[in-house]
Every structure is written in structure tokens, then in C-alpha cells.
Amino acid sequence: MTNKDNIRILIAAAKKGTWSAQKELYLTYADDMMSIAIRYTKDQSAAKDLVQDSFIKFFEKIEQFDIEKGMPGPWISRILINKALQNYKKENRLSFETETIFAQEPSRETSIIETLEAEDILNLLQELPEGCRVIFNLNVVEGYKHEEIGKMLGITASASRSQLTRSKKLLRKLIEKNIGIQDDRKTGLKAG
Amino acid sequence: MEKHFKNKLKQHKVDWDKEDLLVGLEATLSKKESPSKWKWLFFLLPLLLMVTCWGVYKNDLTETTLGDLATAKNIDENTAQKEKENAITNMGLLPKNNTDNANELSGHSITQSTESVSKTTSDTKNHNQKKDFPEASNYAGKSSSTNINSDKENKVPTNLILNMDSINQLATVPRASTAIPETIIKNTETRSENLSTESLILKQTLVEQISKDKTKQAIITRLFVNSENFLFQELKTDITKNGIEVESKYKKKDSEPKKYTFYAEPSFVAGLPQRKTKYTNSDPTVNAQLEANKNMETPKIYSAISLEFGLAIKEKWMIQIGVEYQGVRELFKYDGFYRSDTTIAEYDKSSYFLDAAMDTVFFAGMRPYIENKDRKIRHWNTFQYYSIPLNIGRRFQFNKTAINTSVGISYAFGHDFFGRNNIIKYDGTNQIIDNTVFDIKSRFGFQVGIGGEYQLSERKQLFLKASLRRSPTFIQEGYEQVYWTYSLGFGMRYFLGDHY
């Protein structure tokens with residue numbers, strides 16, 4: 001049987017409320033969801049809560065899920081991201097500070113960026129303001145367009161764009177600061 | 001930078017123990033699942049309960065009042081007869097051993113005391129002359145109380161005492177100047193040996209009270225229908241003359257139907273189901289295989305049991321809701337390959353084997369063996385679902401019979417499948433498995449029906465109905481199925497309130 005067949009059977013059983021099927025689905029997608037959750041939270045504990053809440057929501061709404069339209073992974077990740085955004089909004093943690101973006105700094109090519117591992121990137125992202133981090137995640141990592149992000153966050157598309165620019169600029173500064181790259185060294189970061 | 005960040009983050013796996021969340025997840029899901037499956041029942045049951053209680057309450061109210069009055073009919077005949085004999089003997093109207101005439105009195109239910117009977121002749125003459133009752137109410141009250149005392153002494157059953165109380169209540173309203181209708185006088189003259197003055201007074205009082213009070217009118221009207229009692233027949237004649245209609249309960253066409261009547265309707269339905277299948281798999285090869293194998297499962301029998309509660313509007317329109325269990329039995333046929341357990345069989349021919357020295361050894365007798373067989377397997381599958389039907393009907397009444405048409409929808413709130421199923425795999429092979437899980441795509445089905453009804457009694461109707469039903473839509477991997485059923489059902493309709 002193909003993977004899709006297995007998932008189809010698991011979904012059918014999960015819709016009936018079979019715990020073994022729900023557990024299997026959870027174990028299949030938990031790692032992927034954790035990878036996403038960790039980008040939207042401060043620490044692993046908060047990420048775990050987010051993953052759990054997302055799976056609970058998924059199993060509650062599983063009747064609406066149609067496997068013919070796609071696999072459950074993207075569906076659960078969308079639930080997770082929405083949940084994360086709700087949490088941000090609920091706690092008023094999303095602030096989009098306006099900052100004038102001056103002329104783009106010259107791009108400096110360097111191989112140092114290529115040496116950054118996922119953990120380093122995550123650490124850098126954690127240091128960003130939450131509004132910037134969320135927009136960076138949504139646009140750069142998840143691939144949402146600025147119009148979509150605007151709708152999700154209740155801001156305009158141009159505000160999303162400017163926040164992304166800001167987050168890139170901040171990231172560049174953080175890289176220079178944390179890794180000790182001197183101004184005269186090329187970082188390869190390209191704003192905009 | 002973006003590309004690198006994206007790739008790294010997408011590939012990144014967090015080192016964590018995902019089993020940690022399982023306990024909390026299971027606990028949360030188990031809490032939330034249980035009520036959702038039966039949530040419709042929680043809405044429906046209180047509604048049905050309320051309708052039933054209301055109907056039963058109304059029913060009890062009517063039955064209790066009628067029951068109290070109807071006890072008049074059930075008075076111990078022997079006690080009454082004995083008293084009448086004594087009274088008439090004391091008056092000297094009958095010899096002690098002559099009970100034939102006195103037996104005629106047994107038709108009415110009101111006992112007489114010696115005192116009241118002794119006044120009968122003079123009072124009756126007086127009435128004939130004056131045609132009024134200047135002290136009728138006092139007299140009635142006095143004689144009634146005397147009766148009760150007398151009854152107690154003679155150990156008259158309680159129902160008699162209660163009955164007398166009920167009648168006394170009716171008789172205590174003053175009506176001194178009221179004239180007795182001629183009919184009563186006439187009857188009194190022709191049956192003077194049967195009717196006491198007290199009976200006349202009570203009768204007169206009842207006539208007046210019934211004329212005034214619509215509730216009592218309805219009660220007494222009902223009582224007349226059930227009673228062949230002489231006194232009540234007399235009263236019936238008088239009341240009729242006073243312009244009150246005393247209708248038979250079965251003469252439905254002469255009476256105005258009630259606007260709203262509640263009823264309960266248990267029924268059983270059996271029919272022939274047909275399954276319509278739609279293949280939805282993206283792989284046409286699998287669809288073709290499913291189509292080729294569809295004759296493995298043949299729906300054979302459909303059955304349903306339901307309990308519905310309804311509202312009849314002017315006995316023409318009916319709207320009803322309830323709970324229904326529906327089941328489809330399917331015959332599942334397939335070729336199976338069976339291998340028996342090791343069996344010992346006796347061979348009538350010699351058998352042989354090669355021993356270690358490669359010598360051929362022959363022997364005869366017993367030998368274990370395994371038998372392989374291809375078999376045609378027949379298995380009964382059961383598809384069952386529970387639904388809430390909502391029907392609207394129209395009745396066309398013809399005396400005691402009626403034609404009933406109905407149309408409605410049903411909402412399935414639960415379903416189960418018990419049996420075997422043929423699963424077609426993507427590699428082209430198939431597998432017979434037990435108890436497949438079916439999902440439900442659309443919970444709504446519908447039904448249309450036409451049938452006949454027969455009025456069994458005031459409250460009970462029998463009905464027979466032919467119907468066409470469509471089940472909800474069920475889905476299994478790669479296909480959808482719906483059952484269409486031609487069915488015949490019968491049941492009984494029981495009216496809960498005051499039907500006519």
C-alpha cells in the first residue's frame with residue numbers, strides 16, 4: 001500500500017474517533033509540526049503546547065478534511081500557524097514598529113551565511129522582534145505572499161513588506177554582531 | 001540568504017520527545033469525542049419526552065374525570081338490588097318474594113333509601129300538579145346524605161360513595177324555580193315504579209348543569225356513549241330535548257375535528273434495497289476493478305424500526321419526528337481458499353515414503369494430511385444507521401379508513417458496518433477484510449410514502465404504508481454508496497390527547 005493509502009485509512013479511522021489512528025497520525029506529523037512551531041515560539045515548551053493545541057484542533061475538525069484534496073500535513077501546519085498567530089494576537093505580542101528604511105546597503109557576498117546551521121538561524125530569529133520574526137517566517141520560510149500575510153495579521157501588504165525589510169536588516173546586524181563579522185567583510189546579505 | 005535560511009529551517013528537525021504529548025492528547029480527545037457522537041440524542045430526547053409528557057398529562061386529565069363519573073355504571077348491582085327490594089317491600093308495593101319487578105330497577109345506578117322511596121308517590125304527584133320543585137335542592141341534599149349513611153352501613157363499595165359525592169356536587173346548585181321538562185314527567189309516570197323522586201331531582205339538576213357548563217356537558221356526553229344504563233338513557237333523551245347534542249364518539253364525520261392532536265407512532269418497515277455506487281478513485285484501473293467486483297455484495301433485505309411523535313392538524317395534515325433504526329443486510333460472496341487443520345484419515349490404499357536409507361516403505365492405514373479447498377464463501381454483512389426522520393403527511397379520510405401520503409427527510413446521526421469487504425489495492429490485488437470503516441458523506445436521506453389507515457378505536461389507528469427511501473451517502477476508499485429501498489411498513493398510531 002502506498003503512503004497515501006495508509007494515510008487515507010488512518011484518516012477514515014480517526015474520523016470515527018479511533019485513538020490508535022489518531023496516535024499514528026500524530027506520530028507521523030509531529031516532527032514536522034514541531035519544526036514549524038519552534039519558529040513561532042520562544043522555546044521548546046511553548047512549541048510543544050502549540051503542537052498539542054494544533055493536533056487537538058485538527059482532530060476536532062477532521063470531519064471536514066478531504067484527503068482527495070491533499071495530504072493532512074499542510075492542513076495541520078496551516079492550523080498550527082493560525083494558532084500561533086492567534087496566540088500572538090491574544091497576548092498583544094505582535095507590534096510592528098515602523099522604522100524608516102534608508103537606502104539599501106550594498107550587498108556583500110560572503111560564504112559565512114552558508115556556514116550558518118539551522119540552530120544558528122533559529123537563534124538569530126529568536127532575537128528578532130516578534131512581528132518581524134512572524135513576517136519573516138511567513139514570507140521567507142512558509143512562502144506566503146504579502147497580501148496573504150496582511151490578511152492573516154490584519155495589516156496592509158505594504159506594512160508586511162516593510163517589516164520584512166526591517167527583519168532582514170536586523171538579521172544582518174545580528175549576524176555581524178554575533179558572528180563578529182566586520183563591516184569591511186562581505187556578508188552576502190541582500191536587503192529587500 | 002532567504003534561500004539558505006528557508007532550506008535550513010525546512011530541513012531542520014527538532015530533537016524532542018514527541019511521545020510526551022500523547023498522554024495529554026489522548027485525554028483531551030477522549031473527553032471531546034464522546035458527546036459529539038450522540039449530541040443529537042441529547043437534543044431530541046428532551047423534546048420527545050416533553051411531547052410525551054404533555055400528551056400523557058392531557059390524556060390522564062380526561063380519563064380521570066371520565067373514570068370518576070363512569071364508576072356510576074360499575075356500582076355493585078347486588079347491593080343496589082338488595083336495597084331496592086327492601087325499599088319496595090317496606091312500601092308494600094311488592095311481596096317479599098317477588099323480585100322480578102325489582103330487578104327492572106337494576107338498570108340505574110343510584111341507590112335508594114327507605115326514607116327517600118317513602119316520599120316518592122306523594123312527591124311525584126305534587127310535581128305533576130305544580131311542575132316545579134320549591135325545595136328541590138335541600139331535598140336532594142338530604143336524601144343523598146341519607147343514602148351515603150345507608151351505604152356505609154351496608155358496606156357499599158367505595159366507588160359508589162365517590163360517585164354519589166360527584167353527583168351531589170352537581171345537584172347542590174339551587175334551581176328552585178326551574179320547571180321539570182315534560183319528558184321527565186312523562187317518563188316518571190310510565191316508569192314510576194322505577195324512578196324515585198330523588199332520581200328525578202338529580203336528573204333535572206344534571207340537565208341544567210350540563211346545559212350551563214360546557215366541561216360537564218362534554219363529560220356527561222362521553223358517559224352517555226359508554227352507558228346503556230337506564231337512567232343515563234333517560235337523561236340523554238332529556239338533554240337532547242334541551243338542545244344539547246349527544247353524539248356518538250364514532251360518528252366522526254358529524255363532529256368538528258380537533259385542530260391539534262398529538263400522537264405516537266411505532267412502526268416496522270421491511271423492503272428490498274438497491275445499492276447505487278459511484279466510483280471516485282483517481283486511478284481508473286481501480287475503478288474498473290471495483291466495478292468488476294461489485295456483484296460480490298448484493299443488498300438483500302432492508303428493515304427499519306421507528307418511534308415517531310407527531311402533530312395532526314385538523315386530522316388532515318400531519319408533521320412528525322422521531323428516532324429510527326435502519327439496517328441493510330447484504331450477501332457477500334467470494335471465492336475463498338481454505339486450508340484445514342491437520343486431519344487424520346484412513347487410507348484404503350497403500351501409501352509409501354522413502355526412509356533414510358532411501359528404501360521405499362509401503363504401509364496402509366492412518367495418515368495425517370492437510371486438506372486444501374476452494375470454497376464459495378457466503379457471508380451476511382450488516383449496514384446499520386440511526387436517524388431522525390422528519391415527515392409531513394396529508395390524510396384523506398373516508399369514514400373509518402383514510403389514505404395517507406407523506407414526504408420527509410431523515411438525518412443520520414450514527415452508523416455502523418459489520419461484515420466483510422473486498423479491498424482493491426493499488427497494486428491490483430485485493431484483500432477480504434473484516435469490519436471496514438465507512439465514513440458518511442451526506443447525512444441526509446429522504447422518503448416518500450403512500451398508505452392506508454384503519455380506525456381501530458377512538459385513539460388507535462392501524463396503518464400500512466408503501467414507501468421509497470433513500471439512505472444517507474456512505475463513502476469507502478474510492479467509492480460512494482447509497483441505498484434506495486422499496487419498502488412496506490405497518491404500525492399503529494396512538495393519539496395522546498383528546499382526539500375527538
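The values are calculated or read from the model by the stated rules, or taken from the named source; none is laboratory data. The model shown is predicted, which means the values in this text are computed figures rather than measured ones. Neighbour counts are summed over all protein chains in view; Cβ atoms, including those assigned to glycine, are modelled from backbone coordinates with ideal geometry. Just so you know, the surface numbers come from the protein's heavy atoms only, side chains and all, with ligands and any DNA or RNA stripped out. Shrake-Rupley method; radii C 1.70, N 1.55, O 1.52, S 1.80 Å.
A few points about this structure:
- Estimated vicinal HN-Hα couplings, Hz - region A:35-41 in sequence order (Karplus 6.51, -1.76, 1.60; Gly, Pro = x): 4, 6, 4, 5, 7, 9, 10
- Per-residue 3J(HN,Hα) values for region A:133-140, derived from phi via the Karplus relation 6.51 cos²θ - 1.76 cosθ + 1.60 with θ = phi - 60°, read 5, 4, 5, 4, 4, 5, 7, 6 Hz in sequence order (x marks Gly and Pro).
- Compared with the alpha-carbon gap, the fully stretched path from B:E2 to B:I432 is longer by 149.7 nm at 0.36 nm per residue.
- A:E117, B:E315, B:E2, reordered so the largest accessible area comes first (probe 1.4 Å): A:E117, B:E2, B:E315
- R0 of 41 Å, Cβ-Cβ distance A:N123-A:K4: FRET efficiency to nearest 0.05: 0.65
- Cα→Cβ-extended label distance, 7 Å offset, between B:E480 and B:L331, nm: 2.9 nm
- For B:T280, distant residues with modelled amide H under 5 Å away: B:Y479, B:E480
- Here's how it looks for B:I301: its modeled amide H is under 5 Å from those of B:R329, which are all 5 or more places away or on a different chain.
- Across peptide B:13-23, the average count of Cβ atoms from other chains found within 10 Å of a residue's Cβ is 6.
- Cα→Cβ-extended label distance, 7 Å offset, between B:F398 and B:I319, nm: 2.9 nm
- HN-Hα J in Hz across region B:384-391 - Karplus 6.51, -1.76, 1.60, θ = phi - 60°, x for Gly and Pro: 10, 8, 10, 9, 10, x, 10, 10
- Per-pair calculated FRET efficiency, R0 = 41 Å: B:L272 and B:W54 via Cβ, rounded to 0.05: 0.60
- Per-pair calculated FRET efficiency, R0 = 41 Å: B:K10 and A:K90 via Cβ, rounded to 0.05: 0.90
- Amide H contacts under 5 Å for A:L128: none, restricted to partners 5 or more places along the chain or on a different chain, H placed in the peptide plane at 1.01 Å from N.
- Full extension of the chain between B:D416 and B:Q384 gives 11.0 nm of extra length, using 0.36 nm per residue less the Cα-Cα distance.
- Among the protein heavy atoms, those of B:H12 account for about 20 Å² of accessible surface (1.4 Å probe, every chain in place).
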